[in-house]
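Throughout, read-outs are computed from the coordinates displayed, never taken from laboratory work. Please read all numbers here as calculations on a predicted model, not as lab measurements. Positions of Cβ are backbone-derived with ideal geometry, glycine not excepted, and every protein chain shown enters the neighbour counts.
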Amino acid sequence: MFIDFARIRVKGGAGGAGAVAFRRESGVPRGGPAGGNGGRGGDVTLVADAQLTTLLDYSYRENYAAGRARHGEGSNKTGADGDDLDLPVPLGTVVKDAETGERLGELLKTGDRLVVARGGRGGRGNASYATSTHQTPREWQPGEWGEERRIELELKLIADVGLVGEPNAGKSTFLSAVSAARPKVADYPFTTLKPNLGVVGLSDGRSMVIADIPGIIEGAAEGKGLGTQFLRHIERTRTLALMVPADSEDPQATYELLRGELLSHDAALEQIPHCLVITKADLRPEDDRDWLLDAPEAWGSFVVSSVSGEGLGDFLQGLWARVAEEKKLEELDQADPFPEMEEWRP
């Protein structure tokens with residue numbers, strides 16, 4: 001089952017209380033304070049795990065708490081810290097505070113960590129209060145409570161290419177034809193009820209990840225059909241392929257509808273480059289293929305048939321070239337504008 005949203009409660013471990021104790025040692029007249037500090041409570045941390053593709057585990061359980069710390073002891077012994085709790089989440093998980101809506105962070109790469117509930121600080125024992133003028137302190141501190149909050153986990157799939165189109169536009173058929181993915185294919189609308197990922201292998205060891213996003217209809221941005229339930233997954237793609245079937249009554253209107261729904265969902269999607277793809281070319285004879293659509297913002301236009309294989313090779317090569325270009329631009333954006341220079345000596 002594909003789950004891309006979850007709301008859970010996390011709680012950091014409580015810190016241990018400081019101890020009040022006095023030592024009695026031979027050769028040490030009057031002894032002295034010997035109460036140790038309490039330990040620190042454990043943290044709750046989200047950890048990005050590339051092996052996960054869904055938030056399903058968090059739909060069964062709501063409360064997660066790290067371990068509480070031990071109290072301080074005599075002989076200046078500090079209490080043991082509480083056990084940290086690591087919660088694995090898929091790559092592309094966005095974390096928000098459920099009460100305030102504050103964005104706490106996102107986990108994009110394997111091993112990324114985000115502390116969502118810190119453990120409480122341990123209290124001071126009486127030994128830490130000793131001074132030259134206050135040699136037998138009896139003061140101590142209780143441990144602090146750990147942070148507690150409700151958080152929202154929202155998964156946005158990370159893919160190189162996102163397939164966007166109305167129901168029955170041929171997205172799932174295309175994905176099954178070019179990858180090992182086996183999405184459900186049928187001749188009725190909304191066959192695809194969850195995003196599907198497929199890895200497309202090309203020559204020379206090249207590969208890219210393509211996401212099949214469930215069908216978009218007019219008014220999707222306002223909640224019609226599957227609404228915005230899966231539009232969030234488009235945000236992390238490097239390029240989009242807007243798929244218009246050859247048997248569409250008005251291909252130009254279909255293309256404009258797709259563009260309009262994407263921008264209505266999030267104007268920032270305009271920054272993601274897209275291409276136009278006419279699918280199901282086998283349904284129209286070669287002498288009846290007037291598919292010159294007005295798509296000036298598209299970086300390319302392709303005609304394909306997933307059944308006959310027509311145009312698939314050129315389309316995949318075009319996608320690869322665009323994805324490679326976007327990756328280079330990302331590397332340039334992330335590069336240090338002031339690289340460390342070797343020290344110069346005259």
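Tabulated results
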quantity: Fewest-first sequence of Trp140, Trp320, Trp299 by Cβ atoms within 10 Å of each Cβ; calculated: Trp299, Trp320, Trp140
quantity: Overall form of the stretch 5-155 per C-alpha gyration tensor (a/c, 1.5; a/b vs b/c); calculated: prolate
quantity: Net charge, Gly74 excluded, C-beta distance under 15 Å - Lys, Arg +1, Asp, Glu -1; calculated: +4
quantity: Gain in span if fully extended, Asp314 to Ala98, counting 0.36 nm per residue against the direct Cα distance; calculated: 73.2 nm
quantity: Among the listed pairs Lys280/Lys328; Lys156/Lys327; Lys77/Lys109; Lys11/Lys328; Lys11/Lys109; Lys171/Lys328, those beyond 29 Å (Cα-Cα); calculated: Lys280/Lys328; Lys77/Lys109; Lys11/Lys328
quantity: Modelled FRET efficiency - R0 56 Å, His134 with Asp57, Cβ distances, 0.05 increments; calculated: 0.60
quantity: Thr133, Thr54, Thr239 arranged by Cβ crowding within 10 Å, fewest neighbours leading; calculated: Thr133, Thr54, Thr239
quantity: Packing-based exposure ordering (other Cβ within 10 Å, fewest first) of Arg70, Arg61, Arg103; calculated: Arg61, Arg103, Arg70
quantity: DSSP beta bridge pairing in the stretch 5-155, given as percent antiparallel to the nearest 5; calculated: 75 percent
